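Single-structure report; data block below.
The values are calculated or read from the model by the stated rules, or taken from the named source; none is laboratory data. Keep in mind that this is a model prediction, so the values were computed, not measured. Virtual Cβ from ideal backbone geometry, glycine too; neighbours counted across all protein chains shown. In case anyone asks, the SASA skips ligands and DNA or RNA and just uses the protein heavy atoms, side chains included. Shrake-Rupley method; radii C 1.70, N 1.55, O 1.52, S 1.80 Å.
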Amino acid sequence: MDRIKTLLLVGGKIHDFKGCGQVIEDILRADGRFDVIKVEEDLSALETVKITPYDLLVFYYTVGEISDAQLNGLSHFIAQGKGFVGIHSAADSFRDSPDYRAFIGGYFVTHPRFRQYQVSIVDPEHPITKDMVEFTVEDEQYILDYDSRVNILCSALWRGKAMPVAWTKPWGKGRVFYLALGHNPEACRQEGFRILLTRGAFWAGKPAE
């Protein structure tokens, strides 16, 4: 199979998008199934004429503003059968855009202190999480408001309540995968993150069967 043409778009405030972007790029390249082009800060890459050549968008971005042309390009790209992987602060991007929030499936509310916590597998039959067992991460746990229709793959406890760590959802003919892990480069280097990222990116970006 040809390698998946992947646009890795990173940027925004707050998070170390350069450091995280480098680790994410390294992981995808080392996997061997992805042909990766990385773009920093330039949201015009989402416009239809620029995004069309790709099969998959991997997105690590925080806050910011998205234009109608950029949102439409992104939405139509996925709806026509392509893939989207949103990492960590992708759920805290474009806070003034309810359409983007609907697209990704949820949004950031708050987070406890950076700490170790256990990630449990909720859907052990999904291709992304098949044969995985619970694992421990050291990361910033995102507390999320989310669409109850998303398919939760992994969760972690917060104040006694299970909170999603990863989910999938359809968007038209395309596939959306969201992964809440990945606050900093060290968090992105953890094995659980690597497995979920590469499996999720392949699931989202591979041609429809």
Handout entry: Hits in segment 183-207 - residues which are under 18 Å from Leu57 (Cα atoms) and assigned to a loop (DSSP other than H, G, I, E, B)
Key = Lys206, Pro207
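So which of Leu153, Leu144 is aliphatic (A, V, I, L, M), without any contact (Cβ under 8 Å) to a residue 60 or more places away in the chain, surrounded by 16 or more Cβ atoms within 10 Å (Cβ to Cβ) and in contact with a helix residue (DSSP H, G or I) (Cβ under 7 Å, 6 or more places away or on another chain)?
Numbers: Leu153 fails: in contact with a helix residue (DSSP H, G or I) (Cβ under 7 Å, 6 or more places away or on another chain).
Answer to the check: Leu144.
Do we find that Ala30 is free of Cβ contacts under 8 Å to residues at least 12 places away in the same chain, open to solvent by 50 Å² or more (accessible area, probe 1.4 Å) and assigned to a helix (DSSP H, G or I) in this structure? Reasoning before the result, please.
Working: free of Cβ contacts under 8 Å to residues at least 12 places away in the same chain: yes; open to solvent by 50 Å² or more (accessible area, probe 1.4 Å): yes; assigned to a helix (DSSP H, G or I): yes.
For Ala30, the condition - free of Cβ contacts under 8 Å to residues at least 12 places away in the same chain, open to solvent by 50 Å² or more (accessible area, probe 1.4 Å) and assigned to a helix (DSSP H, G or I) - is met.
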Handout entry: Ile24 vs. criteria in contact with a Phe, Trp or Tyr (Cβ under 8 Å, 6 or more places away or on another chain), of a type in the set (A, V, I, L, M, F, W, C) and assigned to a helix (DSSP H, G or I)
Key = yes
Exercise for the section: Would you mind stating whether Tyr61 is touching a residue at least 12 places away in the same chain (Cβ under 8 Å) and assigned to a strand (DSSP E or B)? Expected result: yes
Practice task
Select from segment 1-27 the residues that are within 24 Å of Glu47 (Cβ to Cβ), touching a Ser or Thr at 6+ places or on another chain (Cβ under 9 Å) and surrounded by fewer than 16 Cβ atoms within 10 Å (Cβ to Cβ) and list them in ascending order.
Solution key: Lys13
Completion exercise
All conditions in (1) under 27 Å from Lys13 (Cβ atoms); (2) buried (at least 16 other Cβ atoms within 10 Å of the Cβ); (3) not aromatic (Phe, Trp, Tyr) are true of Arg189 except (2)
